[in-house]
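We did not get these values from a lab; they are worked out from the coordinates using the rules stated. All figures in this text were calculated on a predicted structure; none of them were measured in a lab. All Cβ positions, even for glycine, are placed from backbone atoms using ideal geometry, and neighbour counts span all protein chains on display.
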Amino acid sequence: MIQTGAYPPIQFCFMTPEDRLEKLGLSLPTVSTPGGSYASVNIRESIAYVAIQFPILNEEFLYQGRLGEDLSTDDGYKAMQLCALNVLSQIKAKVGFDRIVGLNHIDAYFQSADNWDDSPNIVNGASDLFINVLGEKGTHSRAIFGVHKLPRNFSVGLTTSFTITKK
């Protein structure tokens, strides 16, 4: 089970991110391909920028619709967690977990009904996952943006930046 609001237990300190995912009962999805003319991970010196990741599980689109209308806050939490898993999948494939110095910042996007206002709780789905899988390296700042529409009617999306070691 994912811990919320705290660092992972001490037994996680000496585990790899893959081991932590397994202990949490999670696995990384298949790496998705960009939906346009861009790189899914763009490295500039020691910063890796991960393009927006959506709640896609092995090429299947999930969690589509508006939060508070078509989907619950709990669905939003799970959708953000899946976006974070997709980020980690991109990082593992294109950078390598061994090169991560730390997660810098996340930008979280959501679409919702007009009367829904629980965005910090859904974004915790990503924040909690990063901290539980990456430990102290998963500590980050974040911004949350409510938008009118996301591609393919996804309820949420997530972009990130990591500091990494040079090869």
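The packing ranking of peptides 32-45, 55-68, highest mean first, is 55-68, 32-45, where packing means the average number of other beta carbon atoms within 10 angstrom of each residue.
How charged is the neighbourhood of N132? Take every other residue with its Cβ under 15 Å from the Cβ of N132, and add Lys/Arg as +1 and Asp/Glu as -1. Don't jump to the answer; show the numbers that get you there.
Numbers: positive: R20, K23, K78, K137; negative: E18, D19, E22, D128, E136.
Here the count lands on -1.
Taking label points 7 Å from Cα along the Cα-to-Cβ direction, K167 and Y38 give a separation of 2.4 nm.
Rounded, prolate or oblate: which fits the range 120-167, taking a ≥ b ≥ c as square roots of the Cα gyration tensor eigenvalues, rounded meaning a/c under 1.5, else prolate when a/b beats b/c? Intermediate results must be reported in sequence, preceding the final value.
On the way: a/c = 2.59, a/b = 1.70, b/c = 1.53.
Judged from the Cα gyration tensor, the range 120-167 comes out prolate (a/c at least 1.5, a/b above b/c).
The C-alpha atoms of the chain define a longest principal axis, and helix 119-134 lies at about 20 degrees to it. Taking the Kirkwood radius as Rh and the Cα radius of gyration as Rg, the range 47-136 has a ratio of Rg/Rh equal to 0.99. For the chain, the mean residue ellipticity at 222 nm estimated from helices alone is -9000 deg cm²/dmol, where every DSSP H run of n ≥ 4 contributes -39500 (n - 2.57) and the total is divided by all residues, rounded to the nearest 500.
The peptide list 158-166, 136-144, put in order of mean Cβ contacts within 10 Å with the highest first, becomes 158-166, 136-144. With contacts taken as Cα pairs under 8 Å and at least 6 residues apart, the range 42-164 reaches a relative contact order of 42 percent.
Sorting the segments 71-81, 20-30 by their residues' average number of neighbouring beta-carbon atoms within 10 angstrom, most packed first, yields 71-81, 20-30.
Out of these labelled values of semi-axes √(5λ) of the Cα gyration tensor in Å, (1) 31, 21, 14; (2) 24, 19, 14; (3) 33, 17, 14, which was calculated from the coordinates shown here? Evaluating semi-axes √(5λ) of the Cα gyration tensor in Å on these atoms matches (2).
Local charge sum around D98 (other residues, Cβ-Cβ under 12 Å, Lys/Arg +1, Asp/Glu -1)?
Numbers: positive: K92, R99, K137, K167; negative: E18.
Charge balance near D98 sits at +3.
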